[in-house]
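Student: Below is one structure. I have some questions about it.
Coordinate-derived values only; no laboratory data. The model shown is predicted, which means the values in this text are computed figures rather than measured ones. Using ideal geometry, Cβ is built from the backbone for each residue, glycine included, and neighbour counts are taken over all protein chains shown.
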Amino acid sequence: MLNNSKIDLFRNVSALFTDYDGTIAPIDVARQLSKPPVAIYEKLNEISKYIPIAVISTKDCDFLIPRTDFARAWSCTNGLEIRIGGSHHIHEDLPKWQDKFESLINAINSINELKGIYLEVKRVGNLIGGLGIDWRTKGSINMKVLNQIIKSASESGFKVIKYRGHPFIDIYPGIQIDKGYAVMRLRELMGIKGPIMYMGDSENDIPAMRIVEYPIGIRHRYNEGLDLPVLLWVHENELPIFLDYLLTALKSKVH
């Protein structure tokens, strides 16, 4: 998985930015049960004593923060909200999308074939920042109906994100932001001057991976064969070992 030259490189890492679903938390569990496994959580907690950690996710901050209290900062709802300490940064164009969100929610709730799926309303303060259609608990979804919703949302100007093999989709305002934007904003707001490591597992992570010094891909059964612009791939079962390598490299820089 690793060689000594790459381990030596990790001594220069100044911050760890990470995706959530499929990277540090499993995909195939119900939303309310989602959290990083103990082995991963403990390693991230240790790493946070040496470098700052930020979580960059399509999930909302109220969901993420209680599950990732090792982090110093969070970019939530696909970059529409950033929280650092007690400060919140909300994208200025979000209020313009509230009426469209309400119409889309009403349309989804009126479809009988979608009963039993989880409609996640991603909150950004008192605003709606995004929607998630999640069928993990139900096990399957009527794809014809789902494609009708995707078409309707796209025609209304929303950005629909589909994840290969993942049992959920996300719908966001057509605002020109992505995880690359989130990395740049966090780098600026956190005052990160040195190299950043970013861990992710899907196409949605590509904009972030392209602008950091150490992009790491997390491999699992839902993204087999997926090509991402990464320095190396780490299998999900080996992630605690990989994080231990990073921790060892960081400790060696201190001593």
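Student: Could you give the C-alpha radius of gyration of segment 56-151 expressed as a fraction of 2.2 N^0.38 Å, taking N as the number of residues it contains?
Tutor: Values: Rg = 14.9 Å, N = 96, 2.2 N^0.38 = 12.5 Å.
Output field value: 1.20.
Student: From the backbone phi of segment 27-39, what are the Karplus-calculated ³J(HN,Hα) couplings (6.51 cos²θ - 1.76 cosθ + 1.60, θ = phi - 60°) in whole Hz, Gly and Pro given as x?
Tutor: Karplus values, whole Hz, x for Gly and Pro: 7, 8, 10, 4, 3, 5, 9, 5, 6, x, x, 3, 4.
Student: I would also like to ask the following. How much of the DSSP beta bridge set in segment 37-114 is antiparallel, as a percent to the nearest 5? List each step's numbers first, then the result.
Tutor: Working: 8 of 11 bridges.
Expressed as a percentage, antiparallel bridges in segment 37-114 total about 75.
Student: Skipping prolines and chain starts, which residues have an amide H placed within reach, meaning under 5 Å, of the one on ALA15, given they are 5 or more residues away or on another chain?
Tutor: MET197
Student: Which far-off residues, 5 or more places away or on another chain, put their amide H under 5 Å from the one on HIS235, with H placed in the peptide plane?
Tutor: Here ARG219 satisfy the definition.
Student: Viscosity 1.306 mPa s, temperature 10 °C: Stokes-Einstein D of segment 101-195 from its Kirkwood Cα radius, in µm² per second?
Tutor: On the way: Rh = 14.9 Å.
Reported coefficient: 107 µm²/s.
Student: Can you work out the Karplus-derived ³J(HN,Hα) for every residue in segment 187-204? Use 6.51 cos²θ - 1.76 cosθ + 1.60 with θ = phi - 60°, whole Hz, and x for glycine or proline.
Tutor: Ordered by residue, 3J(HN,Hα) equals 4, 5, 5, 8, x, 7, 9, x, x, 10, 9, 10, 10, x, 9, 9, 4, 4 Hz.
Student: Using only alpha-carbon positions, what ratio does the radius of gyration of the chain give when scaled by 2.2 N^0.38 Å?
Tutor: Values: Rg = 18.3 Å, N = 255, 2.2 N^0.38 = 18.1 Å.
Relative to the rule-of-thumb radius for its length, the chain sits at 1.01.
Student: Can I ask one more? Report, for the chain, the % of DSSP beta bridges that are antiparallel, rounded to 5. Walk me through the intermediate numbers first.
Tutor: Details: 23 of 42 bridges.
Roughly 55 percent of the DSSP beta bridges within the chain come out antiparallel.
Student: Would you calculate, for the chain, the mean residue ellipticity at 222 nm contributed by helices, counting each DSSP H stretch of 4 or more residues as -39,500 (n - 2.57) and dividing by all residues, to the nearest 500?
Tutor: Working: 8 runs with 80 residues, N = 255.
Using -39500 (n - 2.57) per qualifying helix, the result is -9000 deg cm²/dmol.
Student: Give me the percent of DSSP beta bridges within segment 115-255 that run antiparallel, rounded to the nearest 5.
Tutor: Percentage antiparallel, nearest 5: 65.
Student: Order of 160-166, 48-54 by packing, highest average Cβ count within 10 Å first?
Tutor: Details: 160-166: 16.4, 48-54: 18.3.
Descending packing order for the listed peptides: 48-54, 160-166.
Student: Where the centroid of each part is defined by its Cα atoms, how far is segment 94-150 from segment 189-204 in Å?
Tutor: Between the Cα centres of segment 94-150 and segment 189-204 lies a distance of 29 Å.
Student: Continuing with the same structure: What number of lysine-lysine pairs in segment 118-194 show an alpha-carbon separation below 16 angstrom, given a sequence spacing of 8 or more or placement on distinct chains?
Tutor: Numbers: LYS122/LYS159; LYS144/LYS162; LYS151/LYS159; LYS151/LYS162; LYS159/LYS179; LYS162/LYS179.
So the count works out to 6.
Student: Between ILE211 and SER48, what length in nm is gained on full extension when 0.36 nm per residue of separation is reduced by their alpha carbon distance? Before the final figure, lay out each step's value.
Tutor: Working: separation 163, 0.36 × 163 = 58.68 nm, distance 2.18 nm.
Computed gain between ILE211 and SER48 is 56.5 nm.
Student: Pop a pseudo-label 7 angstrom from the Cα along the beta-carbon direction at both ASP244 and ALA30 and give the gap in nm to one decimal.
Tutor: Reported label-point gap for ASP244 and ALA30 is 3.3 nm.
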